[in-house]
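The values are calculated or read from the model by the stated rules, or taken from the named source; none is laboratory data. Owing to the predicted nature of the structure, the values given are computational and were not obtained by experimental measurement. Using ideal geometry, Cβ is built from the backbone for each residue, glycine included, and neighbour counts are taken over all protein chains shown.
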Amino acid sequence: MKSIPLFLLAVLFSVSPVFAENSDHPIDIKLDKSMQADESTHGMVQALTTAMKEWDAELNKYYKELQDVLDKKGKESLKKVQLEWIAFRDAEFELLDAMMLQAEGTMYQVFNANYQMNIVKDRALELKDYYDAFFGAGK
């Protein structure tokens, strides 16, 4: 098994939103508690997978909110961009899975789950930001 330098773990945990800071979002709070409750590889992967599913639900909520306020051209553009993002996400997940399988050590399962969760989280927050900026309170 390959030995992983401690500094590599420190870098991952310092740059990852899950490990670096405690977000006020309920999904992140729940994730943080779950990660602390079960620090095993299985427990962390399970917590990250659950968080990814919850962020995916948020993504779908914000997508629908945008669809509800956009005109026909905007709806078509959003749908096109979202389908392209889904293709990007799937390709990115495939790459992450391939790298995880090539790496030795169970901690890479946690890295993989964390990166995948953040891809979905970032898109959910991006759609929320679009909605808030263009159609949010006071608009």
Q: Spot the failing condition for residue 105; the list is (1) on the phi > 0 side of the Ramachandran plot; (2) crowded, with 17+ Cβ neighbours inside 10 Å, and only one is missed.
A: (2)
Q.
I want to confirm something. Restricting to segment 62-93 and keeping residues that are in contact (Cβ under 8 Å) with a residue 24 or more places away in the chain and more than 30 Å from residue 106 (Cα to Cα), which single residue is farthest from the chain's Cα centre (by Cα)?
A. 69
Q: For segment 35-61, name all the residues that are in contact (Cβ under 8 Å) with a residue 24 or more places away in the chain and within 15 Å of residue 108 (Cα to Cα).
A: 41, 44, 45, 48, 49
Q. Any idea how many residues of segment 31-76 are among the polar types (S, T, N, Q) and surrounded by fewer than 12 Cβ atoms within 10 Å (Cβ to Cβ)?
A. 2
Q: Please find, among 84, 76, 65, 92, the residue that is in a helix (DSSP H, G or I), at pLDDT 95 or above and within 25 Å of residue 29 (Cα to Cα).
A: 65
Q: Could you grab me the full set of residues in segment 63-118 that are touching a helix residue (DSSP H, G or I) at 6+ places or on another chain (Cβ under 8 Å) and among the acidic types (Asp, Glu)?
A: 65, 92, 97
